[in-house]
């Protein structure tokens, strides 16, 4: 073999013909491979294709080895050429050759004396084996054995020809072929067959580490039963069917599972006679430690366990040092750290430091493994946040950049996991984290306790600073020389404590032992520190809920008669007042919550000291409240704070014991009202503040009152966030911040997530402050209420028109499918149009434009109204659309039926007059009362009606229940029949399903359904619109 001018020349003799002319084959390095020509027939050919007849399979595979050595950057010495073809490939009919590729290896099969089996020949033999005539061929036994012992793994292509690559199947067919001599196993370039052996079932690989004067040594061995094989330069190939180990003198079949990890190959490359330098030792030791749990692998250090001598750590923590410079400028040093080892994220040292570092800790050597990918991500976070990079480990920020850093950059960096180092040198300017906020309870001069908020920074303690507004400088000055970075976590801690304990600007407040007991009992996540003496004082009140409902009579000024459950309500409210706790009177609609509260006031007002009572109600109930106050507590001075002359009338609110105002007035006058401290603040129909983002809810939460009371039959209407909004006013901080509440109870903004343990926890937290009774529980003498879902089948004309509106709406929606916000708005508009059509076609496009002469539901409503009136009943009809009330009113007038009508345009005084007229026992008066659902659903007593018709369904069942209970309440003497008219096969069916889900949520939170029996439900609007693609 010779190499000259980039060309390699090789001479091979023919089989056994020593005197014959030799075939001269020349090769050249070319991009497409190694090319050559035959000296006998002058045929040009490309390696690994079917060459001329003078070339045989053994020579072909021998040249593969030559090609591999030519392709290496540092070629090994070429193989000796003294061996003849007879020596290389004995004259067997077939042979199995082990070939290596760049990243893997497998087997090629030689048949006859020509060349490796091509893909075309393989397909030809496969097809022939399927025919019975092939069984008579002399090659049939060997081909059958090959199909039984091997599977086709891949098709590799060389110079335009494709060759099948095989791999043995697991089990005896493969080993039987070799052991029987029907196939021989060769390596390219070798003339002697390779021995095949099966290892024992409990084979394993053992690696032994040791140290020497020159470094570390590693010796690996394969323990295969009676044989032990040096692991250096061995290789294994693994497939699902079989695992093979190639050693210098044998090919071993390794049985059993699990598979061997690829990282083991790095250990098989270690020369056991050459000491390893420290960087390479750390990397290979880390591989050994990572593989120590594998059942087939074992590693030792000397004569002991590797795990006892070494460990591996990857828990690098991102940190940042901040060093103040002259003025307000700073420089920052971001890095990752384990113990005392730091790796900077910027500068040349970041690249220079090795991937593994060895440190000693407690007599054990630890390998610190870097994660360069994670470091790069952290580096990108810092660069993006500060909008600059650096060629050194430090990044300099000017005064203006420094202010932006604390305001916006640092919160973004902190979210990525960075923390401030505790060993920064700040010269008293900045205190490093971590920061902790807590409240300490101390004894006061009277029965109340002093709550004092504190902030801890390291070993220093400061009074809790005032809350910062969003966007303000996050650097808070604690003393003359000390400032601190008030990050998001610290801000949330301070906000939680200030809300819970109502701390003033100095971080102090007074709190009753009962309220302290409730906080300690239900908010263990809040850091409250109590001295033992104070704890003894609180211990009797650690269960702040009233044990049993005691009955209490009203005060002597009360001019009315209370039922037993109302006396219990008075007792419950007095118990809360004594303990300094707020409450929610959540009795079902129609149980007389207003009377209960007025009876409570007749007892409580003489004892609560100076300061008026503020009652906030919907505008429609102002005069109803004034009427009931004068009726039941005539000695109580009462005025209305509402209207254009309200501020002149009220003055400083002195001289009047009870003021009645509206939610809208509170929203408009909150700056004035928040300056006044009321002895009590009572909210009627408190569900009006259920939206925490509304201006009304925010304004009401600013009112100051010694005792706070909510009155609502529906504390939860749509989702759990309703409850948080109510408690933001009632007991700020008890349910945490909004973020805290949503993360714990709500999945996504406003979505319900009530795993049963969380609902039970929520009920135990708010339960002591909520009193709820239902009519079924306390009014055994109340007439029965019958609910009927009255389904109406629309006519064919209605169905056709409904489908036209629906189809047109779908087509319009598809136009906006790319803009989610616009799509949602148009989807709601389509829903409204469909609901209006279900009420009456004239509501959609105007009277007469859709010709439906006899709308089914409208006619059914009129028929039911006639039947009820003919039988001497009085009817209350609700619709949420005033246009529908107009149509109903016109139809009643045509039939000569008198009626009253109440909607949002009705003034409060006219509203009260209509109610009084309907309640009069006047047989000649109108027997039908039309009301819009929103305006007539609250604050009315219409017990003269015993039939209630809901013409169209509303999303919220509690709103409908409130409207129904205008008739089914105290004073009703006849059974009440409630009809809900629903059009089958329309969107009203979806509304009905959503109502059932919301009612389930209310019952679960209020304790009327066991959440353990329910898995939850989805409230998304898209569920209503399943019919939209």
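To make sure I understand, if each residue's beta carbon is the centre and we count other beta carbons within 10 Å, what order do 391, 983, 737, 907 fall in, fewest to most?
Details: 391 7, 983 26, 737 18, 907 11.
Ranking 391, 983, 737, 907 by Cβ neighbours within 10 Å, fewest first, gives 391, 907, 737, 983.
For 785, 992, 690, what's the fewest-to-most ordering of other Cβ within 10 Å of each Cβ?
992, 785, 690
Take the alpha carbon atoms of region 511-542, find their center, do the same for region 965-991, and report the distance between the two centers in whole angstrom.
The distance from the Cα centre of region 511-542 to that of region 965-991 comes to 47 Å.
Kirkwood Rh over alpha-carbon pairs of region 204-312, then Stokes-Einstein at 25 °C and 0.890 mPa s: what D in µm² s⁻¹, rounded to an integer? Spell out each step's value before the answer.
Details: Rh = 14.5 Å.
Diffusion coefficient, whole number: 170 µm²/s.
Measure out, as a whole number of angstrom, how far apart the alpha-carbon centroids of region 576-650 and region 652-668 sit.
Cα centres, region 576-650 to region 652-668: 11 Å.
Determine by what factor the alpha-carbon radius of gyration of region 314-425 differs from 2.2 N^0.38 Å, reporting the quotient.
On the way: Rg = 14.7 Å, N = 112, 2.2 N^0.38 = 13.2 Å.
That ratio works out to 1.11.
Once you put a point 7 Å from the Cα of residue 226 and another 7 Å from the Cα of residue 739, both along the Cβ direction, what distance in nm separates them?
Inter-label distance under the simple model: 7.2 nm.
For an R0 of 35 angstrom, estimate the FRET efficiency from the Cβ-Cβ distance between residue 313 and residue 525 and round to the nearest 0.05.
Values: r = 31 Å, r/R0 = 0.88.
Approximately 0.70, to the nearest 0.05.
For region 314-425, give me the percentage of DSSP beta bridges that are antiparallel, rounded to the nearest 5 percent. If you can, show how the numbers build up before the last one.
Details: 21 of 23 bridges.
Percent antiparallel among DSSP bridges in region 314-425 is about 90.
Quick one: of the DSSP bridges fully inside region 564-778, what percent are antiparallel, nearest 5? Present the calculation step by step, with values, prior to reporting the outcome.
Numbers: 1 of 26 bridges.
Within region 564-778, antiparallel bridges account for around 5 percent of the total.
What are the extents of the Cα atoms of region 564-778 along their three principal axes, listed from largest to smallest and rounded to whole Å?
50, 40, 30
The numbers here are math on the coordinates, done by the rules we state, and not lab data. Worth saying up front: this structure is predicted, and the values here are computed from it rather than measured. Because the Cβ atoms are built from the backbone with ideal geometry, glycine has one as well, and the counts that use them run over all protein chains shown.
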